[in-house]
Amino acid sequence: MLGSPAPAIAAATFPNVVVPAPASEVATGTTFTLASSATVTSDDANVGGYLAAILRKSTGYALPLTVGATTPGTIALSLSGAPSSVGTEGYQLVSSPTGVVIRATQATGLFHGVQTLLQLMPASVMSSAVKPGPWTVPGGTITDWPRFGYRGAMLDVARHFFSVAQVEHYIDEMALYKVNYLHLHLSDDQGWRIVINSWPNLATHGGSTEVGGGAGGYYTQADYQAIIAYASSRYITVVPEIDMPGHTNAALSSYASLNCNGVAPGLYTGTDVGFSSLCVSLALTYTFIDQVVGELAALTPGPYIHIGGDEASSTSASDYQTFINKVQPIVAAHGKAVMGWHNIAAAPLASSTLAQFWDTNKSNSALAAAAANGTKVVMSPANHAYLDMKYTRKTKLGQNWAGYVEVNTAYGWDPGNYVSGVTGSSVAGVEAPLWTETIVTSADIDQMAFPRLPALMELGWSQYSTHNTTSFDQRLGAQGPRWAAMGVNYYKSTQITWPSGS
Ligand code: NGO
């Protein structure tokens, strides 16, 4: 009719459910429903197997998987045809009424696309028991890639020891949110957690207790390799940390010869920090480090060995510099780059060294100078990124030295523009450390990591243009029913509206 306005057609939108937020979403308003006769094809056996296993458990469908098929299945994971914008870790997901295609340039991208696909399906898809459908996926195209190349989670297995199965369980949880580095804090005052064949007492004596005086434990080298292989099957690279020169009581207690006075201290099961130091003037100290780093480097396919370097309060400033200067080339000689807590910026850093910021103070002149000189920095400000901080005054687990970290505090900062002088391309990414002075069980890990780990990984993955607390809180809420389906013991923050089924 002439003169009357055209009827408004509501633009289709994707449901606001994916964490981390994708870079681009274009909805068509159609719906795909998985049928019991559906098939899966994949150019990568590992990712195809991962997806099919999850879908088979909850749908009860057969979902036969063909690897390298020429005809795409109902769900097709393809290593060809992805737009170049997705880079090495991104993907494009196209959902139409007849099926879903995920394209990427590498298996890691397909894996990330699979996480997005699962989040677009009903929450019960994450159940390990058969549930009723319908198994729907909203229609449209998602094109997605990460803001940062380093998106890490750290687990302190030194203060309390966690078994291989517990670490693998946590790996499975973090993989859902596109984590790509697992930093294992393998040694501290209270425990040494990995067998070093040339220094056997480290594990047998140094690993024999933990905070509170429990039995502790340690990984054999085969255990450590099993963790690496498991992480790798989820496209996660392990960064092992041997903390030095401080946080070394367990090592000093294992070998009297490592002590300046030749006397081994007793094992320590308290929670003080800053009282121990390797003997910087002793030649044996560097033989020790060379052998420990050598064995660890040989077992570790990833590019980094983390040398700690935090809270060396019993090491003089000049000894500390001497020490860092001597240790960087040792790590390099074993073919690895150094990662260290930002305190290492007190010494000149090699160009490949990665510093990890953990302070609560946004200005750090030594770190800014290192960044100006090319050092890349991973952001873990304790007052936003530490998963061991209590959520509120009232929550039980955790500590509060860096304050209380509720969900919106974990989300409410920009890693790319946080520490003055350490911005933009100086920022390698984000890591969420979980220190375990008060953390004992997998349920405790869940309670501290969820929902804050997804919040931090959204900061690591999503383009900052998507940053929006209202939208984030809604998407995070959508994870609640998924965690309920998986049995994740998450913290039900009152900042989030949790939908039914959460
Ligand atoms: C500090 C300290 C750790 C503690 C942690 C507890 C760093 C880098 N050193 O962080 O030894 O476990 O706080 O929040």
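The values are calculated or read from the model by the stated rules, or taken from the named source; none is laboratory data. Because the structure is predicted, anything quoted here is derived from the model rather than measured. Here the Cβ is made from the backbone with ideal geometry for all residues, glycine too, and neighbour counts use every protein chain on show. Only protein heavy atoms, including side chains, enter the accessible area calculation; ligands, DNA and RNA are left aside. Shrake-Rupley method; radii C 1.70, N 1.55, O 1.52, S 1.80 Å.
Among the residues of the stretch 445-466, is any more than 30 Å from G217 (Cβ to Cβ), free of Cβ contacts under 8 Å to residues at least 24 places away in the same chain and more than 16 Å from the ligand (Cβ to nearest atom)? Quick ask: steps written out before the conclusion?
Initially, the stretch 445-466 is screened for residues more than 30 Å from G217 (Cβ to Cβ), giving 455, 458-466.
Going one step further and asking which of them are free of Cβ contacts under 8 Å to residues at least 24 places away in the same chain, we end up with 465.
Keeping just the survivors that are more than 16 Å from the ligand (Cβ to nearest atom) gives 465.
The answer is yes, given that some residue of the stretch 445-466 is more than 30 Å from G217 (Cβ to Cβ), free of Cβ contacts under 8 Å to residues at least 24 places away in the same chain and more than 16 Å from the ligand (Cβ to nearest atom).
Tell me, yes or no, whether the stretch 219-234 has at least one residue that is over 28 Å from the mean Cα position of the chain (by Cα), more than 16 Å from the ligand (Cβ to nearest atom) and assigned by TED's automatic domain parsing to the domain that holds V338.
no
Suppose we filter the stretch 182-213 for residues that are crowded, with 21+ Cβ neighbours inside 10 Å and within 16 Å of the ligand (Cβ to nearest atom); how many remain?
Qualifying residue count, the stretch 182-213: 13.
If A402 satisfies all but one of (1) buried (at least 20 other Cβ atoms within 10 Å of the Cβ); (2) within 13 Å of the ligand (Cβ to nearest atom), what's the number of the condition it fails?
(1)
Is it the case that the stretch 342-351 has a residue that's more than 16 Å from the ligand (Cβ to nearest atom), at pLDDT below 95 and either touching a strand residue (DSSP E or B) at 6+ places or on another chain (Cβ under 9 Å) or not basic (K, R) (or both)?
yes
Six or more apart or on different chains, Cβ atoms under 9 Å: show the pairs whose first residue is in the stretch 310-333 and over 14 Å from C279 (Cα atoms) and within 16 Å of the ligand (Cβ to nearest atom) and whose second is in a helix (DSSP H, G or I) and open to solvent by 20 Å² or more (accessible area, probe 1.4 Å).
Every condition considered, the pairs that remain are D310/N343; E311/N343.
Within the stretch 214-300, which helices (runs of 4 or more DSSP H) (wholly inside it) include 1 or more residues that are touching a residue at least 24 places away in the same chain (Cβ under 8 Å) and surrounded by fewer than 21 Cβ atoms within 10 Å (Cβ to Cβ)? Show your work before the answer.
Values: elements: 221-233, 249-254, 283-299.
Where helices (runs of 4 or more DSSP H) fall fully within the stretch 214-300 and carry at least 1 residues being touching a residue at least 24 places away in the same chain (Cβ under 8 Å) and surrounded by fewer than 21 Cβ atoms within 10 Å (Cβ to Cβ), they are 221-233, 283-299.
Return the pairs, sorted by first residue and then second, in which the second residue is open to solvent by less than 50 Å² (accessible area, probe 1.4 Å) and near the ligand (Cβ under 10 Å from one of its atoms), the first residue lies in the stretch 340-365 and is farther than 21 Å from Q328 by Cα, the beta carbons are less than 6 Å apart, and the residues are 6+ apart or on different chains.
T360/A382; T360/A402
Of the residues V47, V94, which single one is open to solvent by 50 Å² or more (accessible area, probe 1.4 Å) and either in a helix (DSSP H, G or I) or over 22 Å from P132 (Cα atoms) (or both)?
V94
Does the stretch 16-38 contain any residue that is in a helix (DSSP H, G or I) and either in contact (Cβ under 8 Å) with a residue 24 or more places away in the chain or aromatic (F, W, Y) (or both)?
No, because not a single residue in the stretch 16-38 is in a helix (DSSP H, G or I) and either in contact (Cβ under 8 Å) with a residue 24 or more places away in the chain or aromatic (F, W, Y) (or both).
Just need a number here: residues in the stretch 371-389 that are touching a strand residue (DSSP E or B) at 6+ places or on another chain (Cβ under 7 Å) and either away from the ligand (no atom under 11 Å from the Cβ) or outside any helix (DSSP H, G or I) (or both).
Qualifying residue count for the region: 12.
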